[in-house]
Structure formats: C-alpha cells, structure tokens
1. Hey, does region B:14-26 have a residue that's at pLDDT 95 or above and of a type in the set (Asp, Glu)?
2. Hey, does region A:329-336 have a residue that's exposed (fewer than 12 other Cβ atoms within 10 Å of the Cβ), of a type in the set (Lys, Arg) and modelled with pLDDT under 95?
3. State which residue pairs qualify: first residue more than 13 Å from A:Asp271 (Cβ to Cβ) and more than 9 Å from chain A (Cβ to nearest Cβ) and inside region B:197-216, second residue at pLDDT below 90 and buried (at least 23 other Cβ atoms within 10 Å of the Cβ) in any location, beta carbons under 8 Å apart, and separation of 6 or more residues or different chains.
4. Please go through region A:129-144 and pick out each residue that is in contact with a Pro (Cβ under 8 Å, 6 or more places away or on another chain) and within 14 Å of another protein chain (Cβ to nearest Cβ).
5. Let me confirm something: among A:Arg164, A:Arg202, which residue is outside the structural domain of A:Met110 (by TED's automatic domain parsing) and of a type in the set (Lys, Arg)?
6. Can you list residue pairs whose Cβ atoms sit under 9 Å apart, with the first residue in region B:49-66 being without any contact (Cβ under 8 Å) to a residue 60 or more places away in the chain and more than 12 Å from chain A (Cβ to nearest Cβ) and the second being in a helix (DSSP H, G or I) and polar (S, T, N, Q)? Count only pairs 6 or more apart in sequence or on different chains.
7. Being hydroxyl-bearing (Ser, Thr, Tyr), under 30 Å from A:Phe286 (Cα atoms), in the same structural domain as A:Met130 (by TED's automatic domain parsing) and at pLDDT 95 or above narrows it down to one of A:Thr320, A:Thr312, A:Thr324, so name that one.
8. Which helices (runs of 4 or more DSSP H) does region B:151-207 wholly contain that include 2 or more residues that are charged (D, E, K, R) and crowded, with 17+ Cβ neighbours inside 10 Å?
Amino acid sequence: MTSAPSSKVATPPVAENFLLPAGLADGLPPEAGFEAAMVERLMASFARWGYERVKPPLLEFEDSLLAGPGEAMAAHTFRLMDPVSQRMMGLRADMTPQVGRIAASRLRKMPRPLRLSYAGQVLRVKGEQMRLQRQLGQVGVELIGAEGAAADAEVLLLPVEALRELGAPDVAVDINVPRLAPIILADLPPEARMELIAALDRKDTARVSERAGRHKETLLGLLRSVGPVETALPALLALKLPAAGEIERANLAETVALVRKAAPDLTLTIDATDQRGFEYHSGLAFTLLGRGVRGEFGRGGRYVNHAGEAATGFSLYLDTLLATLPVPARPKRVFVPFGAAADIGMTLRREGWVTVQGLSAVADARLEAKRLLCSHVLEGGRPVAVDG
Amino acid sequence: MPEVFVLALPKGRILKEVLPVLRKAGIEPEAEFADENSRALRFRTNRPDLEIIRVRSFDVATFVAFGAAQLGVAGNDVLLEFDYPEIYAPVDLNIGHCRLSVAEPAELSASDDPSRWSHIRVATKYPNVTRAHFAARGVQAECIKLSGAMELAPTLGLCRRIVDLVSSGATLRANNLVEIEKIAEVTSRLIVNRTAMKTFPREIGGLVEDLRRAAA
C-alpha cells in the first residue's frame with residue numbers, strides 16, 4: 001500500500017456531506033410511512049364530511065401568494081426569481097391562502113358553501129422558538145361562503161372527530177376571539193394597543209392593570225374569564241363590551257352551545273385574549289391541543305378570502321401528531337426465499353401479507369428473514385413465524 | 001389517571017421569599033427541600049398532585065416553556081429575555097423586587113453623553129433585552145454574554161457598561177459603578193405552560209387561583 005501523493009486533495013469525511021440545513025430532516029421508515037398513512041386517514045375523515053381535495057402548486061407568483069389572507073405570511077415566505085417570467089415567486093408557507101385563492105378564482109362558480117380540503121408540505125424561512133422545523137406537513141379544510149355559528153361549529157368539530165378517529169389522546173379545544181381585544185382597544189393609538197394586546201396574550205395581569213387606563217375593568221374581566229367554557233362564558237357575558245364586541249360574543253355563545261351539544265365530553269376552554277398565530281383571522285378562532293402534548297395539533301378560524309367571501313377553516317400540523325401518536329408496529333412481513341413458486345407471492349399479498357422477495361439463494365432462509373426484519377418466513381408453502 | 005404537576009422554583013434569593021407564599025396557598029414541600037445541601041432535585045409536597053423541582057432561574061422558564069414543568073416562578077427579567085410564547089404569567093407574586101438597569105463606572109458617567117451613541121458594548125446576562133432596549137433608541141448594543149459577576153467587567157476593562165439586576169445598589173457602589181438607566185421593574189411571577197393551562201383548566205386554574213389569593 002502506498003500513501004497518496006500530497007498534491008491530491010484528500011476526500012472530505014463523508015458524514016459532513018449529510019448535514020441538512022437547520023429545520024429540515026429526512027423522514028425514515030417507519031415514521032415516514034406512518035405520516036403518509038395519517039394524511040390518508042385525515043383526508044378520508046374530511047371527505048366523509050363532504051370536503052373535496054384541491055392541490056395548489058408549491059410556488060406561486062408573490063403577488064397572488066401574498067394577497068388577501070396570504071399577506072400575514074409574507075415574513076415567513078421563501079422567495080425566488082422565476083427565470084421564465086422574470087417575476088418574483090414565493091414558496092408557500094401556508095396553504096390556507098392558496099385554497100382561498102382557488103375558491104375565489106377557478107371555483108368561483110361552484111355553489112356555496114364550498115367545502116375544500118388539502119394536504120401538502122409548506123416551507124418557512126425561520127423556525128419558531130418551540131417548533132424549529134422549517135418544513136411542515138399541513139392538512140386541513142376550508143369552508144367558504146358560510147357565516148355564522150353553524151359553520152364555525154362544523155369547522156371546530158370536524159378536526160376533533162378526525163383526531164379522535166386517528167387515536168389522538170384527550171383532544172382539547174381552546175376557543176379564541178382574536179378580534180375582541182382590538183375592538184375594545186380601538187380608541188387607543190396603535191402602539192399602546194399592541195402593547196396591551198401582547199400583555200393580554202401572555203396573561204400578564206400586572207402589566208395590563210398598569211397600562212390599561214380606562215379599559216382596565218374590561219381587560220381584567222377578559223383575563224378572569226379565561227378557562228373552562230362553563231365558567232368562562234358566563235364571565236364573558238357579564239362584561240360590558242362595545243357593540244362590535246357584542247356581536248362577536250353572541251356568535252361565540254351560539255357556537256359553544258352547538259359544540260357542547262355535539263361533543264359533551266370535549267375539554268373546551270375559552271380564551272378571548274389569545275392572539276398568537278391568528279394573523280389573518282377575523283372572527284371566531286380556535287386552537288387544537290392535547291393533554292401532555294407539546295405545542296398544538298393545529299388551529300383554525302374565520303377569515304375573509306380574496307374575493308371578500310366569509311370563510312373558515314383549520315390546519316393540522318403533522319409534526320405534532322407524529323410526535324404524539326405511537327408509530328404502529330411493522331406489519332407482518334413474510335420472507336419469500338429465492339426460487340419459490342411464481343404465484344405464491346401474489347397469493348400471500350392478496351391475503352394481506354407483506355412479502356419480501358429473496359433476490360438470490362441463501363443458505364438459511366430463516367436467518368435471512370430475520371436479517372431483513374421479516375416476522376415470518378415461507379416454509380412448506382406457508383408463512384411460519386421466525387421466532388418460535 | 002391522577003396527574004402530577006411539576007412546579008419549578010428558582011434556586012437562591014427568590015426561594016426564601018416564595019416559600020411563605022406557597023405555605024399560604026396550602027403547599028408544603030417535604031422536609032428535605034429546606035436543606036440547601038441536599039442533592040435531590042425533585043421534591044414531593046403535601047399535595048399528591050404537585051411536585052417541586054429546584055433549578056436555575058433562567059431554566060425555570062425553559063422547563064415551563066417546553067412543558068417539562070407545568071408551573072414555575074420566574075422574574076419578569078427572565079420572561080423578557082426569553083419571550084417564550086408558550087408561557088403565561090398570570091400572577092404577580094409581589095416578591096423578589098428589583099430592577100434591570102444599565103450601569104457604568106462613576107467617572108465615565110460624569111462625562112458621558114448617551115445622545116451621541118451609535119454603538120456601545122455591554123456585558124450582560126440579558127443580551128436580547130439589552131439589544132432591544134438600545135435598538136429602540138437607535139443604538140446598536142454589542143453584548144458580551146456573562147453568567148455572573150457582571151460588575152467585574154468595567155473594572156477589568158472587558159467593556160464599560162453592564163446591564164444587570166439591581167436591588168439595593170450596594171454591589172454597584174462597591175465596584176464604583178453607578179446606575180444610569182432603568183430598563184424594567186422586576187418582580188417574580190407565577191408562570192404557567194400554555195398547553196397545561198388549556199388542557200387541565202380546572203386543575204391548573206385551581207392552583208393558579210390558590211397562589212393568586214396567597215400572593216394578594
């Protein structure tokens with residue numbers, strides 16, 4: 001063996017080339033398969049409620065992607081130049097605005113209310129403090145052209161049912177009215193208003209009392225009302241609100257009644273001070289949580305789409321689901337040794353087996369089956385468990 | 001399944017002030033908790049549904065933000081520094097009073113004109129708060145992150161200004177520093193993990209109310 005001449009560049013260590021950019025990861029078996037199955041099941045749940053799937057493109061022109069409800073996502077969106085049209089394009093950071101655009105444009109003649117569902121990957125320029133991933137799987141629905149409590153309740157109950165069908169433990173819903181605080185504080189200069197809204201969001205009672213001025217009683221009342229619907233709603237109803245706020249509150253009460261009737265055992269809370277992540281929402285909104293689950297399953301709420309239509313919807317994020325639900329055990333796999341009868345594999349697959357075909361002759365088929373993570377091996381024409 | 005919630009308390013100064021509040025709320029830690037030499041990190045309380053952990057003050061916020069502890073006690077200095085969206089701060093416990101301030105050597109202060117600053121260098125445990133505070137008035141703050149003994153930085157020429165907690169001001173005086181500006185008043189807050197608050201509204205809400213009454 002001779003040493004390499006010094007003039008040659010040494011091969012870099014291979015492992016370094018495997019590094020992925022921050023917030024991006026490879027999906028591996030069995031999680032990747034499980035994630036795909038989860039998407040299928042969620043989409044099937046949505047379909048049973050009458051929601052039909054649309055498939056928006058990954059990239060759009062910036063002007064259309066960031067118009068209407070998309071505007072709030074501008075800071076999160078990757079941009080690139082389209083060499084064909086020489087126009088700036090954006091890579092979607094959220095699919096909701098895309099579905100809103102489809103409804104307002106190509107599906108404008110479809111009868112309302114229009115029920116659409118979607119599933120896909122989104123990309124964000126920066127991860128969040130508690131969710132560092134920059135690529136997220138998003139699954140959701142939009143209900144377009146319907147106002148009122150019945151529509152709000154449908155869009156809240158649908159993900160609860162779908163999550164429960166998926167086996168998510170102890171789903172809880174926090175109902176929010178992100179518009180209420182801005183309505184109450186409408187007379188304040190923007191800076192003071194923003195500061196109070198942020199303090200409310202953090203439930204910072206001390207700061208709210210200090211800065212709220214003449215709104216102190218109402219804001220502290222809002223903070224006190226945060227909690228289970230059974231106590232939160234009466235507390236909220238006792239508050240004196242501006243007329244616009246009363247409309248929001250009446251719709252909230254009506255929605256809660258509908259949800260309670262349909263899901264009496266659901267953990268349901270109200271938080272009229274929560275603002276986070278409701279950048280484009282214009283009415284009742286909600287957050288889907290799970291006991292002991294870090295982060296949230298998803299969120300949803302009312303907004304106005306590109307054509308000025310009333311719309312509501314929700315998005316679930318697959319990363320939280322994937323971190324929460326146990327990955328099911330690998331299905332039974334049978335190793336079919338090289339040279340087995342041609343039709344045996346097909347017969348087994350028809351019976352529901354997963355077959356792993358041997359591609360060359362081996363000395364010990366049972367050992368080979370184990371090596372390839374098979375639970376069974378074909379012996380004497382039938383699958384036999386490899387252990388036992 | 002009975003849930004056990006975890007309350008994260010900061011080591012040191014605040015701990016002594018928190019215990020009377022807990023006691024008033026009917027929460028009594030096990031005897032070993034009072035033993036400062038104990039190596040244990042987790043402690044039982046008289047309530048079967050509540051455990052206590054003792055961690056560094058900055059880590060209280062981290063444990064609560066990630067849901068490893070459902071409740072905690074943290075100064076708003078820590079909350080300002082991290083700004084975790086997952087943390088609620090519903091109760092001002094009215095303990096641990098101090099302030100977060102900018103300080104510099106007395107002789108510098110005599111000749112300094114802050115309106116001429118475009119860039120300053122600051123030693124601090126609070127780089128985010130410091131940067132934001134100075135950025136708001138158009139000054140770029142280059143922060144040197146230290147974990148303690150901030151007062152040494154100006155004396156030994158590491159940099160001329162510091163941002164740190166000040167309570168009596170005795171430490172500053174002893175190091176010939178003067179407080180030139182207050183960034184925030186600091187008190188200890190009861191903090192709560194957002195998801196825990198929403199998914200166990202009765203249990204966590206009850207604990208929050210008990211502590212709110214005890215602190216009043």
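The values are calculated or read from the model by the stated rules, or taken from the named source; none is laboratory data. Being a predicted model, the structure only gives us computed values, none of them experimental. Backbone-built Cβ (ideal geometry, glycine too); neighbour counts: all protein chains shown.
1. Within region B:14-26 (the criterion being at pLDDT 95 or above and of a type in the set (Asp, Glu)), the answer is no, since none of the residues qualifies.
2. Among the residues of region A:329-336, not one is exposed (fewer than 12 other Cβ atoms within 10 Å of the Cβ), of a type in the set (Lys, Arg) and modelled with pLDDT under 95, which makes the answer no.
3. none
4. A:Gln129, A:Met130
5. The conditions single out A:Arg202.
6. So the pair list comes out as B:Val55/B:Thr62.
7. A:Thr312
8. Because the criterion is at least 2 residues that are charged (D, E, K, R) and crowded, with 17+ Cβ neighbours inside 10 Å, the helices (runs of 4 or more DSSP H) in region B:151-207 that meet it are B:194-199.
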